[in-house]
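Take a look at the structure set out below.
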Amino acid sequence: MLNENIKAIRKSKGLSQEDLAVKLNVVRQTVSKWEQGRSVPDSDLLIALSEALETPVSTLLGETVAESEADAVKALAEKLEIINLQLARRKALRTAILHWLLITLYAGIGLGFAMLLAAGSPYLSWDFSDPELAVAGTIFHAFEWLFVQLAPLILLAAMVGIWLTRKKA
């Protein structure tokens, strides 16, 4: 059936086997073998053949299309609606995850400040002449200094992020 359809459609388009072969970048003998039923085009060539003959693949394969154009548009619209709903759910899930991560960050920064206040900067009372305590005290001091410098900015960014990702009613 495919071989007969290729030949009939090719002739109806006024193409020779050579013309069709040139359009598909194959040799004329390949088109001849398809039309004689001695071989069949692979999927890529079948698609290229349908484009060259300006005919749907289903017509080349001998299938009759029973759906009307309105039914095809309706089916396509339903598929697009399903895809849109899936994308909306993914976006809502990502927004919710981001919202809770920002709340966790906000709470973590608050906890960090509380721990630093409760600790009362213990590195000031350490004996920095002892090498182990000197290194530990310097590291703790660097952490505390960096935290105190960056935390307000991160806190503000987290608050803005929480507000932007809130669930709108």
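Values in this text are rule-based calculations from the coordinates and carry no lab data. As the structure is a prediction and not an experimental result, all values here were calculated from the model. Neighbour counts run over all protein chains shown; Cβ positions are idealised from the backbone, glycine included.
Annotations
- Over the chain, Cα pairs under 8 Å with separation of 6+ residues give a relative contact order of 19 percent.
- Kirkwood hydrodynamic radius (C-alpha pairs) into Stokes-Einstein, the chain, 37 °C and 0.692 mPa s, D in µm²/s: 140 µm²/s
- Each residue, Ile97 and Lys167, gets one label point 7 Å from its Cα in the Cβ direction; the gap between the two is 1.8 nm.
- Global geometry of the range 2-60, whether rounded, prolate or oblate, following the gyration tensor of its Cα atoms and the 1.5 cut on a/c: rounded
- Between Leu80, Leu61, Leu101, the Gaussian network model of the chain with springs among Cα atoms under 10 angstrom shows the greatest mean-square fluctuation at Leu61.
- Gain upon complete extension [Leu117, Leu85; 0.36 nm per residue less C-alpha separation]: 6.7 nm
- GluC sites (Glu not before Pro), loop per DSSP, at most 12 other Cβ atoms within 10 Å - longest free stretch of the chain: 68-169
- Reach of Lys91 by Cα under 29 Å, taken over lysines that are not fewer than 8 positions away in the same chain: Lys74, Lys79, Lys167, Lys168
- Phi to ³J(HN,Hα) by Karplus 6.51 cos²θ - 1.76 cosθ + 1.60 over the range 100-108, Hz, x for Gly, Pro: 6, 5, 5, 5, 5, 4, 4, 5, x
- Calculated FRET efficiency for the pair Ala77/Asn3, C-beta based, R₀ 25 Å, to 0.05: 0.10
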